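What follows is calculated from the coordinates using simple rules that are stated; it is not laboratory data. Just so it is clear, the structure is predicted and the values come from calculations on it, not from any experiment. Counting neighbours? That spans all protein chains shown, and the Cβs are built from the backbone with ideal geometry, glycine included.
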């Protein structure tokens, strides 16, 4: 199998040459607008990889969510995360939908870990096509030594404080905030990458509504290393948007469930329930996807 960097070498060179966004993250640039000049280049890669029949199920749910966002409500998309092409493919397929599909795609702001900006300039160039709020992820924080990495710890606090301030400002301005509840791509050799991070409870607590989103199909196969080392293949991609949930009602129900079961970590059970919901959606959608493939 070809890697992303070998199969699309010429397009990737154009992406890197076109990119303008800063790769170094500070508390002054956590909000990073998408670069419209890069988008058509990444679309070319997606078009080469998606098989006919790829598309979105449940558009009525995301349209409803978008209408709530436009009315001033704070809205989340909670999306399964299998590869760094998840957001590009979601954006592409939304823009191919009739009606408000492009407006919905343009409204998305993804919560993104700073690794995407700082570790590889080519990955950063790809990431720059889409509007993001950059955070210092909790998974990275766990590896910091309180004494040896004191300066980095202070940097993480500064970045995350700025990101949450920016989030509070944009989330009621007709934008939909996209979050990957697992906080990272699923890696089959590491089952912990499919467990949701407990910080998702804070998002649920501070938003009005959310829709879960299942991703089925695989055009970018994760490997050890970064996105450019991943294998590519053509596949039929189906995205399933679930029905809208009231964040308050969902959170209250999961916390009641935790209390009844004697589960001590009420924050973790919130995201565990979301991951269970996504897995059920994924399994159901996979049956339909296989039927389309014949």
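If the segment from residue 102 to residue 202 were pulled out straight at 0.36 nm per residue, it would be longer than the present Cα-Cα gap by 33.1 nm.
For the pair residue 233 and residue 266 in one chain, pulling the backbone fully straight at 0.36 nm per residue adds 7.9 nm over the alpha carbon distance. If the chain linking residue 249 and residue 14 were pulled fully straight, counting 0.36 nm for each residue of separation and taking away their Cα-Cα distance, it would gain 79.9 nm.
Could you give me D for the stretch 83-176, from Stokes-Einstein at 25 °C and 0.890 mPa s, where the hydrodynamic radius is the Kirkwood radius over C-alpha pairs? Units µm² s⁻¹, please. Could the numbers behind the result be given before it?
Values: Rh = 14.9 Å.
Answer from the Stokes-Einstein relation: 164 µm²/s.
Share of antiparallel DSSP beta bridges in the chain, in percent to the nearest 5? Roughly 40 percent of the DSSP beta bridges within the chain come out antiparallel. Entry note, the chain: relative contact order of 28 percent, from Cα contacts under 8 Å with a spacing of 6+ residues. Fewest-first ordering of 249, 280 by other beta carbons within 10 Å of each residue's beta carbon gives 249, 280.
Short to long, the 10 Å bins of the Cα pair-distance histogram for the stretch 137-263 hold 9, 28, 35, 24, 3 percent of all pairs. Remark: 205, 267, 257 ranked as 205, 257, 267, counting other beta-carbon atoms within 10 Å and listing the fewest first.
On the principal axes of its alpha-carbon atoms, the chain has extents of 53, 50, 41 Å, going from largest to smallest.
For every helix of n ≥ 4 consecutive DSSP H residues, a contribution of -39,500 (n - 2.57) applies; sum these over the chain, divide by its total residues, and give [θ] at 222 nm rounded to the nearest 500 deg cm²/dmol.
-14500 deg cm²/dmol
Per residue, the convex hull spanned by the Cα atoms of the stretch 1-95 measures out at 152 cubic angstrom.
The stretch 145-210: Rg/Rh from Cα coordinates, Kirkwood Rh? Dividing the radius of gyration by the Kirkwood radius yields 1.05. Can you give the log10 of the normalised intensity I(q)/I(0) at q = 0.11 Å⁻¹, computed with Debye over equal Cα scatterers of the stretch 201-294? Evaluating at q = 0.11 Å⁻¹ gives log10 I(q)/I(0) of -0.47.
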